[in-house]
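A.B. asks: Quick one: the structure is below, and I'll ask about it shortly.
The values are calculated or read from the model by the stated rules, or taken from the named source; none is laboratory data. From a predicted model like this one, the values you see are computed outputs, not experimental measurements. Note that we place each Cβ from the backbone using ideal geometry, even for glycine, and neighbour counts take in every protein chain shown.
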Amino acid sequence: MNILEELNMKGFIEEPIDPTLDLYVEIEKLKKEKNAVILAHYYQEPDIQDIADYIGDSLGLSQQAAKTDASMIVFAGVHFMAETAKILSPEKKVLLPDLKAGCSLSDSCPPVLFAKFKEKYPDHLVITYVNCSAELKALSDIVCTSSNAVQIVESLPKDQKIIFGPDKNLGKYVAKKTGRNLVLWNGACMVHEIFSRQRIIKLQERHPNAKFIAHPECEDAVLELADYAGSTTGLLKYTINSPATEFIVATESGIIHQMQKENPGKTFIPAPPDNSCACNDCPHMKRNTLEKLYLCMKNELPEITIPLDIIEKARIPIARMLDISAKLGL
Ligand code: 13P
Ligand code: SF4
């Protein structure tokens with residue numbers, strides 16, 4: 001099997017790695033040799049977060065991808081995030097350690113079906129959550145992330161009709177916060193939709209002083225219980241600024257690594273999912289490993305490629321989001 005067939009099959013390069021190698025040292029060497037920057041999302045495993053040049057939420061990662069002067073962006077996250085980096089910096093080589101690191105939310109909104117949905121609302125503006133494919137962004141007017149969705153909707157005239165997709169939970173949260181009536185696509189994230197309201201209430205009874213914090217991709221019934229809802233960066237900042245010492249955290253478990261690093265002495269309890277067999281790990285995010293990261297930098301594969309016409313169309317709504325965010329100081 002040649003290297004490209006292997007990538008199609010597995011999504012990553014499998015190659016024996018000398019067990020005596022210190023991968024931290026080797027990755028640092030590759031970074032310098034190739035003028036590469038590693039951008040990592042908070043949901044990555046702790047080893048990857050610790051070697052990254054920048055760790056952040058989707059907005060922070062997009063802002064970094066747009067401004068970096070590195071020649072190569074190694075994206076430790078999922079496919080739509082690496083695509084966004086490529087759209088913002090098309091002249092750079094953008095690598096993703098495992099091409100199969102997808103996203104259930106992005107998969108819940110196939111562009112062909114969304115285009116038909118959009119046709120039903122010709123006088124509506126289309127706002128899409130960044131967790132979607134490049135093709136879907138190309139069908140959008142403005143992109144948003146969980147840290148700026150409310151402000152982006154509020155920046156539009158009150159009578160502006162809006163389609164919001166693909167996340168119905170974030171859409172409901174934004175509709176509630178802004179008082180706007182949004183037409184929602186029926187998509188959701190497999191990690192955030194399984195938190196159990198009943199089990200969270202029981203946990204709160206056992207930890208009466210704990211603050212409950214949740215990502216707005218969670219269902220309405222869970223968000224109603226939250227002392228604070230926000231993007232991963234928002235949640236992290238809340239744990240730093242709050243005088244509380246105990247937090248129940250309803251989002252992917254990877255963020256707890258940074259919460260513990262930033263708040264030694266505070267306790268973080270993962271919110272329980274509705275089924276005790278489930279866990280709060282995103283199976284897509286967790287496809288990346290330190291070994292895959294090393295091999296991807298060494299071989300400069302898998303690389304993200306996007307047709308030029310899609311890059312050109314998708315860049316417009318992302319640039320609008322970055323402009324609005326910059327004006328609002330986000
Ligand atoms: P943020 O980091 O932007 O909050 O996004 C969370 C998420 O689900 C990313 O896949
Ligand atoms: Fe997608 Fe959810 Fe995983 Fe984020 S946590 S990458 S939204 S499946």
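A.B. asks: Does any residue of the stretch 246-254 turn out to be of a type in the set (D, E, K, R), in contact (Cβ under 8 Å) with a residue 12 or more places away in the chain, not assigned by TED's automatic domain parsing to the domain that holds Ser58 and not in a helix (DSSP H, G or I)?
C.D. replies: Among the residues of the stretch 246-254, at least one is of a type in the set (D, E, K, R), in contact (Cβ under 8 Å) with a residue 12 or more places away in the chain, not assigned by TED's automatic domain parsing to the domain that holds Ser58 and not in a helix (DSSP H, G or I), which makes the answer yes.
A.B. asks: Let me ask you something else. Which residues, taken from the stretch 201-221, are in contact (Cβ under 8 Å) with a residue 60 or more places away in the chain and either within 17 Å of Leu235 (Cα to Cα) or within 16 Å of ligand 2 (Cβ to nearest atom) (or both)?
C.D. replies: If the condition is that a residue be in contact (Cβ under 8 Å) with a residue 60 or more places away in the chain and either within 17 Å of Leu235 (Cα to Cα) or within 16 Å of ligand 2 (Cβ to nearest atom) (or both), then His215, Pro216, Glu217 are the ones that fit.
A.B. asks: Kindly evaluate Pro270 against the criterion of being surrounded by 15 or more Cβ atoms within 10 Å (Cβ to Cβ) and free of Cβ contacts under 8 Å to residues at least 24 places away in the same chain.
C.D. replies: Here the answer is yes, as Pro270 does meet what is asked.
A.B. asks: I'd like the full set of residues that are away from ligand 2 (no atom under 16 Å from the Cβ), closer than 29 Å to Glu217 by Cα, without any contact (Cβ under 8 Å) to a residue 60 or more places away in the chain and not in a helix (DSSP H, G or I), limited to the stretch 22-51.
C.D. replies: Correct list: Val37 only.
A.B. asks: Here is a follow-up. If you take the residues of the stretch 150-165 that are touching a residue at least 24 places away in the same chain (Cβ under 8 Å) and surrounded by fewer than 17 Cβ atoms within 10 Å (Cβ to Cβ), which of them is nearest to Arg320 (Cα to Cα)?
C.D. replies: Result: Ser155.
A.B. asks: Pick out the one residue from Tyr121, Tyr173, Tyr129 that is within 16 Å of Leu322 (Cβ to Cβ), modelled with pLDDT of 95 or more and aromatic (Phe, Trp, Tyr).
C.D. replies: Sole residue among the options that is within 16 Å of Leu322 (Cβ to Cβ), modelled with pLDDT of 95 or more and aromatic (Phe, Trp, Tyr): Tyr129.
A.B. asks: Can you pull out every residue in the stretch 52-95 that is buried (at least 19 other Cβ atoms within 10 Å of the Cβ), part of a helix (DSSP H, G or I) and either more than 16 Å from ligand 1 (Cβ to nearest atom) or of a type in the set (A, V, I, L, M, F, W, C) (or both)?
C.D. replies: Result: Leu59, Leu61, Ala65, Phe80, Met81, Ala82, Ala85, Lys86, Ile87, Leu88.
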